[in-house]
1. Looking at region 211-246 only, could you name the residues that are under 21 Å from Val113 (Cα atoms) and among the hydroxyl-bearing types (Ser, Thr, Tyr)?
2. Which of the residues spanning region 192-229 are modelled with pLDDT of 95 or more, small (Gly, Ala, Ser) and farther than 22 Å from Lys63 by Cα?
3. On the given criteria, is Tyr212 in contact (Cβ under 8 Å) with a residue 40 or more places away in the chain, touching a Ser or Thr at 6+ places or on another chain (Cβ under 9 Å), of a type in the set (Phe, Trp, Tyr) and surrounded by fewer than 22 Cβ atoms within 10 Å (Cβ to Cβ)?
4. In region 134-145, what residues are surrounded by fewer than 14 Cβ atoms within 10 Å (Cβ to Cβ) and either aliphatic (A, V, I, L, M) or in a strand (DSSP E or B) (or both)?
5. In the set Ser252, Ser231, which member is crowded, with 18+ Cβ neighbours inside 10 Å and among the hydroxyl-bearing types (Ser, Thr, Tyr)?
6. With the structure loaded, tell me whether Phe131 is assigned to a strand (DSSP E or B) and surrounded by 16 or more Cβ atoms within 10 Å (Cβ to Cβ) or whether it fails that test.
7. In region 157-166, is there at least one residue being at pLDDT 95 or above, under 17 Å from His229 (Cβ atoms), under 21 Å from the mean Cα position of the chain (by Cα) and assigned by TED's automatic domain parsing to the domain that holds Lys61?
Amino acid sequence: MSPNSVRIICRSSDILDHTMNPISRRNMLAGLMGTTVAVGLPLAAATAEPQIKERPDAKPKLKVVVTGGHPGDPEYGCGGTIARYTDLGHEVVLLYLNRGDWSDKPGYDPSPVRVAEAKKACEILQARPVFAGQLDGQAIVDPAHYEQFHRLLEAEQPQVVFAHWPIDNHADHRAISLLVYEAWLRMGKKFALYYYEVSNGEDTLQFTPTHYVDITRTEPRKKLACYAHASQAPDKYYGLQAMVTRMRGVESGHPQAEGYIRHVQSPDFALPMTS
């Protein structure tokens, strides 16, 4: 059971004795003051607050994998959260479905540029890049690729994984979301699974967060990481994503925030807590 869940336990006699002693408001409050904290009601469902206290000695350290269809997607969708994880000493891997290489433009391969940009972005965020080996715009989801991706993710042994929203407009986003989901099922649903958004209204649709992370302090590093992808029109796309983080900030009571949807069957323990 989740360590950040509570249940209020009271003796029935503390609340109401129908036959002898109807309880007064004062007695009820006195009885509730002596309640026992146990496990039951998820706090995040009531507060939408993330779940890891931000202190230097926070234990245990987590392995976090942020997946994305292309170099740049994890940075745009989760860059502020990634920076918060690494500031806490957690290990973060950015797992890209492809290297940005196209198969339909003979003689032109942008992947060396895209990979160099991804490595620079990961250095800014103190993360590690990994590539799943598919081609940009030619994503394949079949039994062989399910197995290959499962082995790749299982080798990382993550406690937390972030994936694209499965009905994003881009086919590569949908593909890696399905690959992550199948790996999560095969691995016994043991890691926390969260979905993220990019350029809401352009790529991501019908996204209503269940959880938020305050990225006010880490947004400058997120911006640097996104602008490391200089070949991908960051002025345009970072502007779109900045509108999203400001909107999520308004919803959650912060200047800027990133929003996530937790899979309902996923463990709920793993987001950096608002300070």
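1. Tyr227, Ser231, Tyr237, Tyr238
2. Within region 192-229, just Ala228 meets the criteria.
3. Spelling it out, it is not the case that Tyr212 is in contact (Cβ under 8 Å) with a residue 40 or more places away in the chain, touching a Ser or Thr at 6+ places or on another chain (Cβ under 9 Å), of a type in the set (Phe, Trp, Tyr) and surrounded by fewer than 22 Cβ atoms within 10 Å (Cβ to Cβ).
4. Across region 134-145, the qualifying residues are Ile140, Ala144.
5. Result of the check over Ser252, Ser231: Ser252.
6. Spelling it out, Phe131 is indeed assigned to a strand (DSSP E or B) and surrounded by 16 or more Cβ atoms within 10 Å (Cβ to Cβ).
7. Within region 157-166, one or more residues are at pLDDT 95 or above, under 17 Å from His229 (Cβ atoms), under 21 Å from the mean Cα position of the chain (by Cα) and assigned by TED's automatic domain parsing to the domain that holds Lys61.
The values are calculated or read from the model by the stated rules, or taken from the named source; none is laboratory data. None of the values given here were measured: they were computed from a predicted structure. With ideal geometry, Cβ positions are generated from the backbone for all residues, glycine too; neighbour counts draw on all protein chains shown.
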